[in-house]
Amino acid sequence: MTGWIVAILLLSGLIGLHLGWRRRYRSLELAQTVKPAGLTDALGVTAMFENMAEGVLVTNQKGIIEFANPSFCKLFELADDPKNRTVMEAIRIHEVYELVNLLKQDNQVVQEEIMLPSLNQQFLQVNGVAIRDRNEKYRGAIFVFHDLTRLKRLENLRQEFVANVSHELRTPLSIIKGYVETLLDTETDTESLPHRFLKKIENHSDRLTFLIEDILTLSHLESGDTGLDQREVNVSQLAEGVLEGLHEMADKKKVELKNSVPVNLTLYADSQRLFQALNNLVENGIKYGGACVCVSASQSDGELDLCVEDDGPGIPAEVCDRIFERFFRVDKARSRELGGTGLGLSIVKHITQLHGGTARVESTLGQGASFHLTFPPHKPEAAESQTSG
Ligand code: ADP
């Protein structure tokens, strides 16, 4: 009897063990069939990518596409899944191919704006990041593509609107100025009320003219359709020209102007634009500065630093970062009184950036300000390919 009981218990134990193992095996088998291979699955976000409005692309360590979501295929008008092809084979966009290569070494998130070579001028922003394993070994990269076309169009419309309005305002303003000048010529009594009123109208029309000219310059620079006419420019001679043009203004304010730029220093730049930037800085030095404004320049590792320094009241440290923003003024009333538009430094920054450089200010309140424009070394091949492209 006990033998029977032991046998039944043994049998049911064996059956339980068998069923248990079978269930476990089945689930393992199922897991293997549903577990998609590759990087996207390691991240476990395939389903989320499938439904994103942004294009998503995942490449492996060899730069072969492992995954592309439907939005990516739509953006690049791909008829079939680009999986197992290289980026160049699939979309033929050189900038993306370069990003794939860059990410093999770079651990940062990289960003690039690209224009698709289609007729309807589509703009995309690409953000990419490398995927590395625990040992920092490169496993591939993941890219997100945002369609910027609508934003760009709106931005262009805004720029066009501003440029058109400013342009339309020019003609009536010059007519007003013309009439005011004629009336002023006839009103010889400078103390009379009409003369004083006319003088006020003249001043305000001048301010409006400066503002319109600055807005037009900025929208021109921003639009990017003003190519730079770059050639070797002698910086000392350019600075001399700027100081000569402003010496009358400086004399009136009893400001000394100094040119300390080494005589043989040259910069590959658009001389007219550079003149404008330097002119704005020196003019500000005279307007807001103290007794002396000095232009200097130095070169190290091919980088050229152009500096305009004054010994005036300086700029509060907390606004030094904002000083190049348009319409930003430390003292609004003073700027207006001195005929400022609030756009001068913004123009300086744009011109410097168009040359691939950066603009910054160093200042301690009460101890003057020095504005630095730093330009990268000139690379002839890069510049030539830009002009031919
Ligand atoms: P604005 O037409 O008002 O001069 P800018 O863009 O040229 O416009 O300058 C912005 C503001 O920066 C000025 O309003 C002034 O407050 C300040 N600023 C510019 N240059 C100097 C300087 N050299 N010293 C002190 N403040 C300055």
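Scanning the stretch 113-129 for residues that are open to solvent by less than 60 Å² (accessible area, probe 1.4 Å) and either of a type in the set (A, V, I, L, M) or assigned to a strand (DSSP E or B) (or both) turns up 114, 116, 123, 124, 125, 126, 127, 128, 129. Within the stretch 347-360, restricting attention to residues that are within 13 Å of residue 323 (Cα to Cα) and not in a helix (DSSP H, G or I), the residue that is most open to solvent (accessible area, probe 1.4 Å) is 360. Which one is nearest to residue 302 (Cα to Cα), of the residues in the stretch 324-346 that are modelled with pLDDT under 90 and not in a loop (DSSP other than H, G, I, E, B)? The selected residue is 335.
All told, residue 268 meets the bar of being more than 11 Å from the ligand (Cβ to nearest atom) and more than 19 Å from residue 213 (Cβ to Cβ). If the Cβ limit is 6 Å and pairs must be 6+ apart or interchain, which residue in the stretch 281-298 that is under 20 Å from residue 347 (Cβ atoms) pairs with which residue that is of a type in the set (D, E, K, R)? Close Cβ pairs (under 6 Å, with a partner that is of a type in the set (D, E, K, R)) amount to 285/310; 286/253; 289/310; 293/310. Return yes or no: is residue 89 of a type outside the set (A, V, I, L, M), at pLDDT below 90 and surrounded by fewer than 13 Cβ atoms within 10 Å (Cβ to Cβ)? It is false that residue 89 is of a type outside the set (A, V, I, L, M), at pLDDT below 90 and surrounded by fewer than 13 Cβ atoms within 10 Å (Cβ to Cβ). Selection over the stretch 130-158 of residues that are surrounded by fewer than 16 Cβ atoms within 10 Å (Cβ to Cβ) and of a type in the set (A, V, I, L, M, F, W, C) gives a count of 3. Residues of the stretch 356-373 that are under 16 Å from the mean Cα position of the chain (by Cα) and not aliphatic (A, V, I, L, M): 356, 357, 358, 360.
Note on the stretch 328-357: among residues that are near the ligand (Cβ under 8 Å from one of its atoms) and of a type in the set (A, V, I, L, M, F, W, C), the one that is nearest to residue 226 (Cα to Cα) is 347.
Go through the residues of the stretch 76-83 one by one and say whether even a single one is under 19 Å from residue 130 (Cβ atoms), modelled with pLDDT of 90 or more and out of contact with any Leu (no Cβ under 8 Å at 6 or more places or on another chain). Within the stretch 76-83, not a single residue is under 19 Å from residue 130 (Cβ atoms), modelled with pLDDT of 90 or more and out of contact with any Leu (no Cβ under 8 Å at 6 or more places or on another chain). Does the stretch 190-200 contain any residue that is basic (Lys, Arg) and closer than 23 Å to residue 296 by Cβ? No: zero hits. For the stretch 273-287, the set of residues classified as within 7 Å of the ligand (Cβ to nearest atom) and within 16 Å of residue 210 (Cβ to Cβ) consists of 280, 284, 287, listed by residue number.
Out of all the residues in the stretch 178-185, is one or more at pLDDT 95 or above, of a type in the set (Gly, Ala, Ser), assigned by TED's automatic domain parsing to the domain that holds residue 355 and at negative phi? Scanning the stretch 178-185, I find no residue that is at pLDDT 95 or above, of a type in the set (Gly, Ala, Ser), assigned by TED's automatic domain parsing to the domain that holds residue 355 and at negative phi, so the answer is no.
Would you list the strands (runs of 3 or more DSSP E) that sit entirely within the stretch 243-308 and hold 1 or more residues that are modelled with pLDDT of 95 or more, open to solvent by 60 Å² or more (accessible area, probe 1.4 Å) and within 20 Å of residue 340 (Cβ to Cβ)?
none
Residues being surrounded by 22 or more Cβ atoms within 10 Å (Cβ to Cβ), over 23 Å from residue 210 (Cβ atoms) and of a type in the set (A, V, I, L, M, F, W, C) are entirely absent from the stretch 315-335.
Among the residues of this structure, residue 349 counts as one that is modelled with pLDDT of 95 or more and of a type in the set (Lys, Arg).
The values are calculated or read from the model by the stated rules, or taken from the named source; none is laboratory data. None of these values were measured; they are calculated from a predicted model. A quick note on method: Cβ atoms are made from the backbone with ideal geometry, for glycine too, and the neighbour counts reach across all protein chains shown. Protein only, heavy atoms only, side chains kept; ligands, DNA and RNA dropped before computing areas. Shrake-Rupley method; radii C 1.70, N 1.55, O 1.52, S 1.80 Å.
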